[in-house]
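The block underneath contains the structure these notes are about, expressed in C-alpha cells.
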Amino acid sequence: MAPSFLSFVSLYGIYLRRCFATSGLTSQFIDIDDHTTIHLWAPNPDHQTPQQQKPSLLLLHGFGPSAMWQWRRQAQFFSPHFHVYVPDLVFFGDSTTKSKERSEVFQAVSMGKLMEKLQVKKYHVMGTSYGGFVAYHMAKLWPEKVEKVVIASSGVNMRKADNMELLQRANVENVEEIMLPETATQLRTLTRLAISRRFTMVPDFFWKDVINQLYSENRNEKLQLLKGITLLAGDDSCKLPPLQQNVLIVWGDKDQIFPLKMAYELKELTGKKTRLEIIQNTSHVPQIENSTRFNNIVKNFLCGSS
C-alpha cells in the first residue's frame with residue numbers, strides 16, 4: 001500500500017472535503033442514542049438565521065464508499081436551494097454502532113433518529129442503490145415527516161431471481177464479490193456493471209489503492225449488512241406496500257446492477273403518485289455519470305407542485 005501522500009484516492013478525498021465545505025456544509029458527529037454515532041455533512045447550525053428558511057433534503061448513499069464520494073455533485077447543486085444533510089450510513093465512513101442490528105430497516109430507524117436529533121421536522125429524502133432501500137423504509141415508517149421521495153437506481157423490489165441474474169452477469173458466486181471487492185479484478189467487475197464508461201487502461205495499483213482506501217474498513221460488518229437486507233429474504237413473490245408520498249424513480253438505461261425492467265416494475269409497486277425518469281447512456285450511478293441531467297430532474301420534482 002502506497003503512503004497516503006502518494007495515493008490518488010487520499011488526495012481526491014481532500015478535494016471532496018473542500019467541495020462539501022465550500023457548499024456550506026460541515027463535518028459533524030451526532031450520537032443518536034447510547035449505541036450509535038452518525039457522521040454527516042450538514043449545515044452549520046451556528047450560521048443559520050430565520051431568514052434562511054429552506055426545505056430540507058436528506059441524501060442516502062449506496063453500498064460502497066462513504067457519502068462524500070457518492071453525493072459531491074448533489075451537495076454542491078442542492079445546497080443553495082435546500083438544507084442538505086449527507087450522512088454516512090452505519091458502518092460506512094465514520095458512522096458506527098454497538099447494536100447487533102444489521103438490516104436496512106435499522107439504517108432507516110437510525111436516519112430517522114438522526115433527523116430528530118437535528119430537530120428537522122419535515123424533509124425530502126433521496127437514496128441511491130442501497131440508500132434507496134433505506135429511503136423507502138423511512139417513507140413507510142414516517143409518512144408525516146418524509147415529504148417527497150427520490151429512489152435512484154435502487155432495486156427495492158429485488159427478488160431472489162434478480163439476485164441470481166446479477167451473479168450470472170458478474171460471473172461470481174456471491175454478491176459480496178461484487179459489492180465488497182477485495183481484488184483489482186473484482187473491482188473491475190463492479191465498475192463494469194455500475195458505470196457505462198470502460199476503464200480498460202487503468203493499472204492494478206490504482207484499483208488496489210481504491211480498495212485499500214474505500215472498501216477495507218468494517219468489511220465484516222458490511223458483509224452482515226448485505227446478508228441482512230430483508231427484501232432479499234423470503235420467496236420469489238414481491239410484496240411491496242405502496243408509499244403515501246409523491247415518489248420519483250430515476251434510473252440509468254444501461255444499469256447492470258439493477259436492470260431497467262426493475263424500474264418499471266418498481267413504479268407500479270410504489271403507487272399511483274410515482275413517476276419514472278430514465279437517463280440515457282448512464283448505468284448504476286446516473287448522479288455521477290450525468291449529474292446535470294440528474295440534478296435538474298430531481299430539483300424539478302422537489303420544487304414542483306404535488
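The values are calculated or read from the model by the stated rules, or taken from the named source; none is laboratory data. Given the structure is predicted, the values throughout are model-derived calculations rather than measurements. With ideal geometry, Cβ positions are generated from the backbone for all residues, glycine too; neighbour counts draw on all protein chains shown. The protein model used for the area step is the full one, side chains on, heavy atoms only, and it has no ligands, DNA or RNA in it. Shrake-Rupley method; radii C 1.70, N 1.55, O 1.52, S 1.80 Å.
Using the Cα centre as the reference, give the magnitude of the dipole from point charges on the C-beta atoms of the chain (Lys, Arg: +1; Asp, Glu: -1; all else neutral), rounded to the nearest 20 debye.
With Lys and Arg at +1 and Asp and Glu at -1, about 780 debye.
Points 7 angstrom from Cα along the Cβ direction at Asn212 and Glu173: gap in nanometres?
Distance between the two pseudo-spin positions: 2.9 nm.
Mind giving me the FRET efficiency for Lys98 and Lys121? R0 is 25 Å, r the Cβ-Cβ distance, nearest 0.05 is fine.
0.35
Sum up the charges of everything whose Cβ sits under 12 Å from the Cβ of Asn246, counting Lys and Arg as +1 and Asp and Glu as -1, but leave Asn246 out.
+3
Hey, rough spin-label estimate for Val202 and Tyr15, points 7 angstrom out along Cα→Cβ, what's it come to in nanometres?
1.4 nm
Please compute the modelled spin-label separation between Thr292 and Gln53, points set 7 Å along Cα→Cβ, answer in nm with one decimal.
About 3.5 nm separates the two model spin labels.
How big is the accessible area of Ser216 in square angstrom, nearest 10, if you roll a 1.4 angstrom probe over the protein chains?
About 60 Å², ignoring ligands and nucleic acids.
Antiparallel versus total DSSP beta bridges in the chain: what percent is that, nearest 5?
35 percent
Quick check for you: which residues of the range 187-204 have the amide N under 18 Å from the point 7 Å beyond the Cα of Gln280 toward its beta carbon?
Those under the cut-off are 196-197.
Counting helices only, and only those DSSP H runs with n ≥ 4, report the 222 nm mean residue ellipticity of the chain as the sum of -39,500 (n - 2.57) divided by its residues, in deg cm²/dmol to the nearest 500. Intermediate values should be presented prior to the final figure.
Values: 13 runs with 121 residues, N = 306.
When only DSSP H runs of four or more count, the value is -11500 deg cm²/dmol.
Once you list every other residue whose beta carbon is under 11 Å from the beta carbon of Gln287, what net charge do they have if Lys and Arg are +1 and Asp and Glu are -1?
Details: positive: Arg72, Arg73, Arg293; negative: Glu289.
Result for the local shell: +2.
Exactly which trypsin sites (Lys or Arg not before Pro) in the range 209-288 are in a DSSP loop and have at most 15 other Cβ atoms within 10 Å?
The qualifying sites are Lys239, Lys272, Lys273.
In the chain, which helices (entire DSSP H runs) extend 27 Å or more along their own long axis, judged by Cα positions, while averaging at least 1.6 on the Kyte-Doolittle scale?
Going by DSSP H runs, there are no hits.
How much net charge surrounds Arg275 when only other residues with a Cβ under 14 Å from its Cβ are counted (Lys, Arg +1; Asp, Glu -1)?
+2
In percent, what relative contact order does the chain have, based on Cα pairs under 8 Å that are 6 or more apart in sequence?
18 percent
Per Stokes-Einstein, at 20 °C and 1.002 mPa s, what whole-number D in µm² s⁻¹ belongs to the chain, with the Kirkwood radius over Cα pairs as the hydrodynamic radius?
Answer, rounded: 109 µm²/s.
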